[in-house]
Amino acid sequence: MTPRTLYDKIWDDHLVATRADGTCLLYIDRHLVHEVTSPQAFEGLREARRPLRRPNAILSVADHNVPTLNREKGIADETCRLQVEELETNVKAYGVPYLPLLDDRQGIVHVVGPEQGFTLPGTTIVCGDSHTSTHGAFGALAFGIGTSEVEHVLATQTLPQRKSRNLRVRFLGALPPGLGAKDLALALIGRIGTAGGTGHVMEFTGPAVRALSMEGRMTLCNMSIEGGARSGLVAPDDVTFAYLEGRPMVPKDDLWDAALTHWQSLRSDEAATFDTEVALDVSALAPQVTWGTSPQWVTDIGGRVPDPAEATSADDRQAMLRALDYMGLKPGTLIQDIALQAVFIGSCTNGRIEDLREAAAVAKGRKVAPGLRALVVPGSGLVKRQAEAEGLDRIFLAAGFEWRQPGCSMCLGMNDDRLEEGVRCASTSNRNFEGRQGRGSRTHLVSPGMAAAAAVTGHFTDVRQLMGGQ
Amino acid sequence: MEPFTTLTGIAAPLLRTNIDTDLIIPKQFLKTLVRSGLGRHLFSEIRYDADGRERPDFVLNQPPYRAASILLAGPNFGCGSSREHAPWALKDFGIRAILAPSFADIFFTNCFANGLLPAVLPMEAIETLATVKGPLTVDLPAQQVRGGGHTFTFDLEPARKAVLLEGLDEIKRTEANLGDIDAFEARRRLNAPWLEIHTQP
């Protein structure tokens, strides 16, 4: 048999039909639904009088629009409230499992899916959200789709697809202490660019990936889309299986045994060939900080804001000039000299318990710099509860951080959590696009530890200098 | 869906690289429950100032381009979020074809569901077309863009082309495979019973 990659295997396992025109119909095992990209899909289903094929293959939750303060009093913003109510009406009408706003298990879809055991190795998972790539951490083929495709999955449990190419990322060497998955992701995107993975599914390999926890792998796969790949994959191993066992929606007893046997076979064959290969030595990597309005514009904490005069093409120079103007930065400025007015810790990229522990370890016994606003938003109610059980909330509050209720929050600011024009923010989220965190806002992407270090010093600081506590 | 065959219209040049979907339609406009009405918010943050007044230097605010039905753009157009609000906003404004050297995957797919043509042309061709005075013609059956004496051809997968030319409803197409889907599910229940969801969250 021809050697196959992990992606090839999952693809083959889900192929329903190949049409005469060459397009393939792929079966979708799991569908995550949230309030922003689903209303028009349910409307389409209703208008065409189509039934929903498999309600229990869906898990739904409101996350983008939800307030992170005083939620129990309801949603004050009318347009946000209407969208959440629309989701509640739709899931009720179609019998779709839903985690209500005040349920402890509510949170960001990409945090909730894995937490509940909805995300399983070898499955196909979709959601009307580009960061669905997160679930690839489990060895699932997971990708973001548009609303028309959401409707297509609701109606047929399948999607017409074209096969992507295989891209292997080999991280060479061990990651130095104080660095994590976010640094791996940003360094990779800095290398290949935001279109580097277009048309590909990326498989992440190498000792630095094997050494990551499941949460770290989720952070890495989450950022695949920022490298242009719709999906990222990490082959499942004992770390994966230990994370899964006992979660509410994970199979039990005999089914667990059968599943485990299958999951252990989910890896690329030794002789499998990849269309594209990228290798990156991470053994001397330093903490990463973005300086521009695209995640590919990144350097490390020892670096400087680059000079557009050194750009290799006129187009790049124009783009960099525009980015520096938007970001209010001068070429040659030391990254460490960039002062911040805000810090955001949270999102589907870095809103899990290990992220909060990493940030709290830096915040402990220190104070947020004067005049700086710092927000911590847990990725789910369960993350929040766990953090509170460990006393992390008290560490953050004592240091002057705000401690909020779970949701997407300031990653994209659809709720009230937005930055004012010109405000510079160190953010653990995934996008530093113009206007992403609020009109005219200036976002620098970093790891949770680096965000906390920026919060307590008021400028970018190498988190390794603050490790080991105050 | 309205079929796409041949389009002749004004082409607006917006030759930036990495135009992301946040820029095409910012988050505050994603709270809608319908697909229509987003055209006036297209490129909102670069099209209007903080007080909501049009910025005269933005291309879509300038006379011939206000009526543009074609957009000329730089590489990696539509990167970022999966929001289908981006093609909805472009279409509602009146754009039916986007010509760029490359597109992000999700945006590219979303276009076809909405009768929009994303055509890939080399950057040099885009730059040439941006200098053409007067309308361009996008001829989908011939896979050509013509204007100012220039003709450029573009590649497009036949299945994608058919969807646009015939205005096909993808769900209706898939319903022809319902027997295959039933059979797949029956096989899966036998071969991978752990994938059935018995436990609600």
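May I ask you to verify whether A:V456 is among the aliphatic types (A, V, I, L, M) and either free of Cβ contacts under 8 Å to residues at least 24 places away in the same chain or touching a helix residue (DSSP H, G or I) at 6+ places or on another chain (Cβ under 9 Å) (or both)? Lay out the reasoning, then the answer.
On the way: among the aliphatic types (A, V, I, L, M): yes; either free of Cβ contacts under 8 Å to residues at least 24 places away in the same chain or touching a helix residue (DSSP H, G or I) at 6+ places or on another chain (Cβ under 9 Å) (or both): yes.
Yes: the conditions hold for A:V456.
Out of all the residues in the stretch A:122-145, which are under 20 Å from A:W263 (Cα atoms) and not in a helix (DSSP H, G or I)?
A:G122, A:T123, A:T124, A:I125, A:V126, A:G139, A:A140, A:L141, A:A142, A:F143, listed by residue number.
Can you tell me which of A:R431, A:R385, A:R418 is open to solvent by 10 Å² or more (accessible area, probe 1.4 Å) and in contact with a Pro (Cβ under 9 Å, 6 or more places away or on another chain)?
Details: A:R431 fails: open to solvent by 10 Å² or more (accessible area, probe 1.4 Å); A:R418 fails: in contact with a Pro (Cβ under 9 Å, 6 or more places away or on another chain).
Being open to solvent by 10 Å² or more (accessible area, probe 1.4 Å) and in contact with a Pro (Cβ under 9 Å, 6 or more places away or on another chain) holds for just one of A:R431, A:R385, A:R418, which is A:R385.
How many of the residues in the stretch A:367-382 are open to solvent by 30 Å² or more (accessible area, probe 1.4 Å) and farther than 22 Å from A:V109 by Cβ?
Keep residues of the stretch A:367-382 that are open to solvent by 30 Å² or more (accessible area, probe 1.4 Å), which gives A:367, A:370-371, A:373, A:382.
Among the residues that remain, those that are also farther than 22 Å from A:V109 by Cβ are: A:367, A:370-371, A:373.
Looking only at that region, the number is 4.
How many of the residues making up the stretch A:47-83 are aliphatic (A, V, I, L, M) and at the interface with chain B (Cβ under 10 Å from one of its Cβ atoms)?
Initially, the stretch A:47-83 is screened for residues aliphatic (A, V, I, L, M), giving A:48, A:52, A:57-59, A:61-62, A:66, A:69, A:75-76, A:82.
Now narrow it down to the ones that are at the interface with chain B (Cβ under 10 Å from one of its Cβ atoms): A:48, A:57-59, A:61, A:82.
Summing the residues that are aliphatic (A, V, I, L, M) and at the interface with chain B (Cβ under 10 Å from one of its Cβ atoms) in the stretch A:47-83 gives 6.
So which residues in the stretch B:170-197 are open to solvent by 60 Å² or more (accessible area, probe 1.4 Å) and more than 8 Å from chain A (Cβ to nearest Cβ), if there are any at all?
Hits for the stretch B:170-197 are B:K172, B:A176, B:D182, B:R187, B:R189, B:L190, B:N191.
Within the stretch A:225-243, count every residue that is in contact with a helix residue (DSSP H, G or I) (Cβ under 9 Å, 6 or more places away or on another chain), at pLDDT 95 or above and of a type in the set (D, E, K, R). Let's see the steps before the verdict.
Step one: list which residues in the stretch A:225-243 are in contact with a helix residue (DSSP H, G or I) (Cβ under 9 Å, 6 or more places away or on another chain), which gives A:225-237, A:239-243.
Now narrow it down to the ones that are at pLDDT 95 or above: A:225-229, A:231-237, A:239-243.
When the remaining residues are screened for being of a type in the set (D, E, K, R), the result is A:226, A:237.
Number satisfying all stated conditions: 2.
Restricting attention to the stretch A:11-25, which residues are surrounded by 21 or more Cβ atoms within 10 Å (Cβ to Cβ) and more than 7 Å from every other protein chain (Cβ to nearest Cβ)?
Scanning the stretch A:11-25 gives a single hit, A:H14.
Every residue, every condition in (1) at the interface with chain A (Cβ under 9 Å from one of its Cβ atoms); (2) open to solvent by less than 10 Å² (accessible area, probe 1.4 Å); (3) free of Cβ contacts under 8 Å to residues at least 60 places away in the same chain, yes or no:
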{"residue": "B:L23", "(1), (2), (3)": "yes, no, yes"}
{"residue": "B:Q28", "(1), (2), (3)": "yes, no, yes"}
{"residue": "B:K31", "(1), (2), (3)": "yes, no, yes"}
{"residue": "B:R40", "(1), (2), (3)": "no, no, yes"}
{"residue": "B:R47", "(1), (2), (3)": "no, no, yes"}
{"residue": "B:A50", "(1), (2), (3)": "yes, no, yes"}
{"residue": "B:E54", "(1), (2), (3)": "no, no, yes"}
{"residue": "B:D57", "(1), (2), (3)": "no, no, yes"}
{"residue": "B:A68", "(1), (2), (3)": "no, yes, yes"}
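Could you check the stretch A:61-115 and list, in sequence order, the residues that are under 21 Å from A:C348 (Cβ atoms), in a helix (DSSP H, G or I) and more than 19 Å from the chain's Cα centre (by Cα)?
Listed by number, the residues that qualify are A:R71, A:C80, A:Q83, A:V84, A:L87, A:V91.
How about the stretch A:193-226: which of its residues are within 14 Å of chain B (Cβ to nearest Cβ) and within 12 Å of the chain's Cα centre (by Cα)? I'd like the intermediate steps shown before the answer.
Quick first cut of the stretch A:193-226, residues within 14 Å of chain B (Cβ to nearest Cβ) only: A:193-202, A:222-226.
Within the stretch A:193-226, A:N222, A:M223, A:S224, A:I225, A:E226 meet the criteria.
Just checking: which of the helices (runs of 4 or more DSSP H) contained wholly in the stretch A:175-288 hold 3 or more residues that are open to solvent by 40 Å² or more (accessible area, probe 1.4 Å)? I'd like the intermediate steps shown before the answer.
Details: elements: A:181-192, A:207-210, A:214-222, A:238-244, A:253-263.
In the stretch A:175-288, the matching helices (runs of 4 or more DSSP H) lie at A:238-244, A:253-263.
The values are calculated or read from the model by the stated rules, or taken from the named source; none is laboratory data. These figures come from a predicted structure and were not determined experimentally. Positions of Cβ are backbone-derived with ideal geometry, glycine not excepted, and every protein chain shown enters the neighbour counts. Protein only, heavy atoms only, side chains kept; ligands, DNA and RNA dropped before computing areas. Shrake-Rupley method; radii C 1.70, N 1.55, O 1.52, S 1.80 Å.
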